[in-house]
Amino acid sequence: MSRIADGIAAVILTILVGTSVRGLGGLPPVGPLLDPIHGVWATAAGAQPLGKRSVLLGGLGAPVQVRVDRRGVPHVFAQSYHDAVYVMGYVVARDRLFQMEAQTRAAAGRLAEWAGRPALAADRQSRAIGLGWAAERKWSELDTTSSTYQTLVAYSQGVNAWIDQLTPATLPLEYRLLQATPIRWEPKYTLYFYSEMGRTLALNNLDVVRGRVGALVGKDAAEGLFPLHAPLQQPIVPNGHPTSTRLPVSLPPPGVPDASVGHSFADQLGVLAGREPPGNADRIGSNNWAVAPERTKGGYALLAGDPHLELTLPSIWYEIHLNVQDSLDVAGVSFPGSPGVIIGFNREIAWSFTNTGGDVIDYYRETVDDEGAPTRYLLDGEWRDLTLTPTVFRGRGGGILLQDTLRYTHRGPLLPVGEEWYSMRWTVHDPSHDTDVFAQMQGAHSVDEWLTVMEHFVAPTQNGIVADRQGTIAIRSSGSWPVRPGDGRGDRIFDGSRSANDWVGRLPVERYPGVRAPAQGYLASANQEPVDPRRDSTYLGANWPSPWRAIRINTLLRSDSAVTPDAMRRFQTDPGSARVHAFLPFFLRDSITQVASAEDSLFRRGLSILQEWDGTYRGQGIAPLLFETALGELTNRLWDELIDPGGSSGRRVATPSEAVLLALLDLPASPWWDDSRTPGVQEDRDELLIESLSAAYLRLLTSRGAPRDGRWRWSEVRFANIMHLLRLPALSRRGIAVEGGPSTLSPSSGRGQFGASWRMVVELGPVVRAWGTYPGGQSGNPASRWYDDRITQWQQGQLDTLLFPRAADDLSPTEVVSTLIFEGASR
């Protein structure tokens with residue numbers, strides 16, 4: 001969602017802090033915002049629970065009852081799925097309308113219509129990579145009699161029914177700030193949202209990374225630093241080893257730069273594809289795990305879901321319960337704009353997802369007839385016509401900002417990169433019926449039935465974990481996995497002039513990485529490489545994140561043969577770190593302490609702090625900050641060869657995974673340890689370790705004072721920052737102290753804007769019990785009591801009981817704050 005904010009925030013802030021009541025250029029005046037009836041103060045009126053009321057909705061087949069509980073969660077009781085999603089559209093729009101439109105505009109490339117020229121670059125990017133193009137194609141190909149089509153139409157009818165009855169008191173605040181009105185919700189906008197999630201989860205840059213690095217240190221060195229398989233293995237599919245194992249690693253020294261692909265090309269392609277220079281992806285990510293009955297205290301299967309995404313207000317998730325008479329009873333969370341439950345549970349099963357990060361996109365260097373404005377491209381010696389689509393970018397008020405032409409080959413969008421052109425082939429563009437998959441998934445009655453439904457899921461590839469009341473647990477990396485020609489690898493740029501380089505099919509479902517009923521009695525995924533390449537070397541991706549979180553989850557599950565729901569909850573915020581246990585011994589080893597001279601007082605003072613550390617990231621500890629600073633210093637000193645020589649920021653074009661760094665630590669005399677910025681001096685591993693810890697101690701001493709003064713505490717530097725969609729400070733919740741650290745089970749990014757977006761634990765006993773929370777609240781209205789009411793609970797690692805009544809009257813009156821009766825309006 002950061003793309004939405006980047007183009008709009010500056011405009012909004014200017015509106016709020018600019019001249020008092022006068023308009024500023026093309027921006028709206030502030031005066032109307034202060035109107036007590038139509039301005040921002042009216043927001044409070046729209047924040048109140050609806051109480052008990054009846055609502056007429058044309059098109060309902062039968063009455064629908066909604067009970068809203070004390071946590072703001074709608075429990076929808078309907079007689080058909082059509083009616084359930086119709087009403088779901090209504091209640092979600094009441095709470096999240098602006099969010100729904102914002103994410104649609106982000107995918108469609110229409111943010112500039114709100115924010116003007118500052119959003120133009122983001123809009124051009126969205127259209128260039130075909131997000132809206134893919135959604136429109138999928139919508140046009142839908143059979144109007146299909147269940148997918150009918151579901152999307154019903155949902156849109158509910159959204160528009162809410163829009164139709166909006167008043168000044170219920171118009172979301174953001175529209176008032178923008179002086180805009182909501183657009184009509186079209187059924188295809190759900191598909192736009194799926195495209196936007198595809199950008200978030202499946203637009204990897206493996207091709208770009210190799211180009212950037214190879215242009216600096218040569219092709220062989222790039223292959224070593226960004227290997228095909230994770231050097232440290234703790235795969236999703238158990239490989240027979242209870243603990244992590246190592247793969248042989250080859251780390252050739254820096255070589256002759258690869259002139260075939262310049263780093264400037266890779267930078268431009270990365271920007272067009274929506275990716276900044278890659279940082280260290282090891283430190284954030286999602287988790288899920290399941291435990292079979294034989295390893296739980298209660299004798300029932302347990303499942304934990306813990307997807308990590310950008311932290312926003314309102315949250316990316318919306319909690320809901322759908323009960324369709326005699327056919328469906330499901331609860332959990334959905335994405336605003338998407339019908340049904342995406343992660344959750346029913347009376348028989350529970351499920352969750354983590355992202356695979358697999359390679360489902362390729363770039364092709366195309367030969368075109370005109371470098372400035374091509375109309376044809378060469379394929380197998382013959383010229384083919386490009387599909388040309390004129391497009392217009394409009395600003396506030398509808399004025400034209402830019403007229404452009406979008407181009408497509410048979411593979412997908414054609415992107416200009418300098419004087420060359422590159423086409424994209426991406427599974428997110430492919431035809432799919434994922435809406436139907438989600439609908440059928442939530443009604444599955446067993447693990448096997450759920451896995452069968454997921455066979456038809458397309459994009460983005462996901463690690464789906466599932467457990468049922470019969471005690472079966474399973475996991476599978478589902479989605480469309482491309483099969484490529486030759487060696488099958490996709491981490492390179494292909495020659496687009498040859499159709500022989502096109503994808504040749506899709507990996508058969510039976511080849512998807514997965515396991516059912518494992519002998520070890522538990523399963524876990526944390527974005528790690530799905531399968532050990534020594535068991536199956538099928539290409540699924542490259543440069544996988546280091547499996548620190550997977551190692552920690554498996555350690556916790558292996559050490560507890562009587563797991564309880566509360567233990568599952570505690571695991572989600574466990575402050576322990578497999579990463580620390582891997583790297584800390586290198587700072588403490590005898591060879592280092594013996595090399596360090598008595599004059600190295602900074603090193604020895606730092607060493608004394610690390611020697612006392614138990615390796616956990618707790619708020620009062622001072623060692624975590626010293627360790628992270630030292631590891632950062634080591635990374636900066638080590639990878640000097642990867643600094644962009646043409647850049648002014650001194651940033652690396654890419655950073656190898658920490659599993660590669662760990663492998664390098666076993667090679668103390670490797671040429672990589674030598675700092676090329678210190679001519680005449682030949683550094684080795686131990687020297688860099690000493691220098692790094694000494695520099696870290698000095699840096700903290702200079703900036704924060706003595707270690708025991710209080711400013712070295714982890715709680716002083718590690719926060720969650722949950723930002724409003726438009727980055728408005730008053731509507732954000734910043735500086736929330738959290739435990740956990742990089743690559744712990746509750747990881748945190750440097751800016752604190754990514755983290756656990758939904759935590760859930762489900763026990764699948766005779767009566768299904770569930771607990772969950774997310775960092776925010778159900779409402780997008782800042783004046784609502786449900787705007788941020790869950791943040792403290794989330795911060796403390798606590799979960800709330802998720803109510804799951806079989807009938808509306810099963811909810812206690814003390815649990816209900818609103819009752820809505822929806823009835824069909826006469827035509």
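The values are calculated or read from the model by the stated rules, or taken from the named source; none is laboratory data. Please read all numbers here as calculations on a predicted model, not as lab measurements. We place every Cβ from the backbone using ideal geometry, glycine too, and count neighbours over all the protein chains shown. These area figures cover heavy atoms from the full protein model, side chains too; ligands, DNA and RNA do not enter into them. Shrake-Rupley method; radii C 1.70, N 1.55, O 1.52, S 1.80 Å.
Please state the charge dipole magnitude for the chain, taken about the Cα centre, from unit charges on C-beta atoms (+1 on K and R, -1 on D and E), reported in debye and rounded to the nearest 20.
Approximately 1880 debye in magnitude.
Go ahead and estimate [θ] at 222 nm for the chain from helices alone: -39,500 (n - 2.57) per DSSP H run with n ≥ 4, summed, over the residue count, rounded to 500.
After summing the helix terms and dividing by residue count, I get -9000 deg cm²/dmol.
With the Cα gyration tensor of the range 510-597 giving a ≥ b ≥ c as the square roots of its eigenvalues, does the rule (a/c under 1.5 for rounded; else a/b larger than b/c for prolate; else oblate) give rounded, prolate or oblate?
Note, shape of the range 510-597 comes out oblate.
May I ask you to give the percent of accessible area on the chain that is carbon plus sulfur, with a probe radius of 1.4 Å?
Its accessible area is 51 percent carbon and sulfur atoms.
Determine the gain in length on full extension of the stretch Glu294-Glu186; use 0.36 nm per residue of separation and subtract their C-alpha separation, reporting nm with one decimal.
Gain on stretching Glu294 to Glu186: 34.0 nm.
List the lysines whose Cα sits under 23 Å from the Cα of Lys188, skipping any in the same chain fewer than 8 residues away.
Leaving aside lysines fewer than 8 places away in the same chain, those within reach of Lys188 are Lys138.
Please list, ordered by chain and number, the residues whose modelled amide H lies under 5 Å from the amide H of Leu402; skip anything fewer than 5 residues away on the same chain.
So Leu402 has HN proximity to Phe393.
Which whole-number percent is the relative contact order of the range 489-597 (Cα, under 8 Å, 6+ apart)?
23 percent
Rounding to the nearest 20 debye, state how big the charge dipole of the range 363-428 is about its Cα centre with +1 on each Lys and Arg Cβ and -1 on each Asp and Glu Cβ.
Using only the charged Cβ atoms, the result is roughly 460 debye.
For Arg708 and Arg651 in one chain, what is 0.36 nm times their gap in residues minus the Cα-Cα distance, to one decimal in nm?
Roughly 17.3 nm would be gained on extension.
Using the charge dipole of the chain (Lys, Arg: +1 at Cβ; Asp, Glu: -1 at Cβ; taken about the Cα centre), state which of Leu584, Gln103, Leu379 has its Cα farthest towards the positive end.
Of Leu584, Gln103, Leu379, it is Gln103.
Counting only residues 5 or more places away or on other chains, whose amide H sits under 5 Å from the amide H of Asp258 once H atoms are built in the peptide plane?
Long-range HN contacts for Asp258: Ala215, Leu216, Val217, Gly218, Lys219.
Rolling a 1.4 Å sphere over the protein heavy atoms, what is the accessible area per residue of the chain, to the nearest Å²?
For the chain, the per-residue accessible area is 36 Å².
Compute the signed sum of charges (Lys and Arg +1, Asp and Glu -1) over the other residues within less than 12 Å, Cβ to Cβ, of Leu451.
Value of the local net charge: -3.
Tell me, what is the percent relative contact order of the chain, built from C-alpha pairs under 8 Å that lie six or more residues apart?
20 percent.
Which value in nm describes the separation of the simple spin-label points at Thr145 and Trp383, placed 7 Å from the Cα toward the beta carbon?
4.5 nm
Which FRET efficiency value, to the nearest 0.05, is calculated for Thr635 and Ser561 with the Förster distance at 45 angstrom and r the Cβ-Cβ distance?
0.70
Could you work out the local net charge near Leu303, counting Lys and Arg as +1, Asp and Glu as -1, over the other residues with Cβ closer than 10 Å to its Cβ?
With Lys, Arg at +1 and Asp, Glu at -1, the neighbours total -2.
Distance in nm between label sites at Arg751 and Asp370, each 7 Å beyond Cα in the beta-carbon direction?
4.0 nm
On a 1.4 Å probe surface of the protein chains, which of Thr409, Thr573 comes out largest in accessible area, and what is the full order?
Sorted by accessible area, descending: Thr573, Thr409.
Is the shape of the range 119-217 rounded, prolate or oblate, going by the alpha carbon gyration tensor and its root eigenvalues a ≥ b ≥ c, with a/c under 1.5 for rounded and a/b larger than b/c for prolate?
oblate
Out of residues 5 or more away from Ala301 or on other chains, whose amide H comes under 5 Å of its own, with H placed 1.01 Å from N in the peptide plane?
Answer set, sorted by chain and number: Gly471, Leu764.
Taking R0 as 51 Å, what FRET efficiency do you get between Val392 and Arg511 from their Cβ-Cβ distance, rounded to the nearest 0.05?
The computed FRET efficiency comes out at 0.70.
Which value in nm describes the separation of the simple spin-label points at Glu716 and Glu419, placed 7 Å from the Cα toward the beta carbon?
5.5 nm
Each residue of the range 796-806 in turn: what ³J(HN,Hα) in whole Hz from Karplus with 6.51, -1.76, 1.60 and θ = phi - 60°, glycine and Pro shown as x?
Result, rounded to whole Hz: 7, x, 8, 10, 9, 5, 8, 5, 9, x, 6.
If you plug each phi of the range 309-316 into the Karplus form 6.51 cos²θ - 1.76 cosθ + 1.60 with θ = phi - 60°, what whole-Hz ³J(HN,Hα) values come out, in order, with x for Gly and Pro?
9, 5, 8, 9, 10, x, 5, 5
How would you classify the chain from its alpha-carbon gyration tensor, with a ≥ b ≥ c the square roots of the eigenvalues: rounded for a/c under 1.5, else prolate if a/b is greater than b/c, otherwise oblate?
Rounded shape, in that the Cα axes give a/c under 1.5.
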